[in-house]
Amino acid sequence: MTNGLADSISMLYSAPVVLWVEDELSRDYLSQLWQDDPLVKFCISGGAENIRGVVHDARLNNYRHVFGMIDRDFGKSNRSRWFDEGIEVFILDVHEIENYLLVPEALAGCSLNTGKRSSAEIQGRLYERSNKLCAWMACRKTISEIRGRLFGDFITHPPCEAVSCLKDAEQYIRESDWFSSIGVRTGDLQKSGNIYASLNQADEEYKRHLHGDTWAGEFSGKELFRHVRDWVYTTSNRMGPQRDSDLAKSVAGWQVENESIPSAMGDLLKAIKRTGDMSAS
């Protein structure tokens, strides 16, 4: 690492705690929610796929106060381990961060509800939209499961000592567990009825969420948030992502004022500050 690059990275990670997030909305919402906590600096990765690598690389260079936060999407949350020593990336306990904004009382009470929508109207609109998304969510979940089944344990790169010629390289690939089982995996997927069975199972799962009280955390937060965004926030000429952040900050302001900060987001702040302090000691 050159001195210039090292200095740039050192400056980037100069705050007591650094949190990599996926996008501007995540930064703006958390900044407002945490009232611009002076100990926390946000960095934007542009997507979840980059965060694990960036944070892990920072840790390898002894920046142990650097963390990441990513949406759960169709994976699993690690919230039960947020306070564990050594955790690097926090995976949300909802589908994506916009799900924390799907609070009818907060959307109705926030300063940017220029459409004067009531919480009951917002609740109804969100529920109605969710009810139409079951098949779409089932499709996305099934695609995610297929991707995981096919590539979840994809071939890792070999150590340089293991490959001295192309024959070695071919042998390494062919003898990998992934390569050996790919025929079985694709064969199972292509069997008649298997894809539909997976879709039907996922569709039933989302319908169960609709009939309970968990739908606001399980359906696509981005889709639902943007479905009500312009209907609630009717003024301003700002473009989509900027409007997202405007309304997210307004909702966060209401949540702070009304002591209704999502418990997971309160825990996240405590966790990064606590583990950051532990790393610095």
**Item:** Qualifying residue in the stretch 115-130 (condition: within 20 Å of the chain's Cα centre (by Cα) and either over 20 Å from residue 212 (Cα atoms) or crowded, with 16+ Cβ neighbours inside 10 Å (or both))
**Value:** yes
**Asked** Filtering the stretch 55-114 down to residues that are farther than 23 Å from residue 137 by Cβ and among the β-branched types (Val, Ile, Thr), which residue is nearest to the chain's Cα centre (by Cα)?
**Response** 89
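For (1) farther than 18 Å from residue 266 by Cβ; (2) not in a loop (DSSP other than H, G, I, E, B), each residue gets a yes or a no:
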{"residue": "41", "(1), (2)": "yes, yes"}
{"residue": "46", "(1), (2)": "yes, no"}
{"residue": "55", "(1), (2)": "yes, yes"}
{"residue": "59", "(1), (2)": "yes, yes"}
{"residue": "80", "(1), (2)": "no, yes"}
**Prompt:** Which condition number does residue 98 fail, the rest of (1) in contact with a Gly (Cβ under 7 Å, 6 or more places away or on another chain); (2) more than 30 Å from residue 198 (Cβ to Cβ); (3) not in a loop (DSSP other than H, G, I, E, B) being met?
**Reply:** (2)
**Message:** I'd like to check something: does the stretch 204-215 contain any residue that is among the small types (Gly, Ala, Ser), touching a residue at least 60 places away in the same chain (Cβ under 8 Å) and either surrounded by 11 or more Cβ atoms within 10 Å (Cβ to Cβ) or not assigned by TED's automatic domain parsing to the domain that holds residue 99 (or both)?
**Reply:** no
**Message:** Condition (residue is buried (at least 18 other Cβ atoms within 10 Å of the Cβ) and closer than 17 Å to residue 255 by Cα) applied to the stretch 34-52: is it met by at least one residue?
**Reply:** yes
**Request:** Mind counting the residues in the stretch 101-135 that are part of a helix (DSSP H, G or I), among the small types (Gly, Ala, Ser) and more than 21 Å from residue 24 (Cβ to Cβ)?
**Result:** 7
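The values are calculated or read from the model by the stated rules, or taken from the named source; none is laboratory data. The model shown is predicted, which means the values in this text are computed figures rather than measured ones. Glycine also receives a Cβ, built like all others from the backbone with ideal geometry; neighbour counts cover every protein chain displayed.
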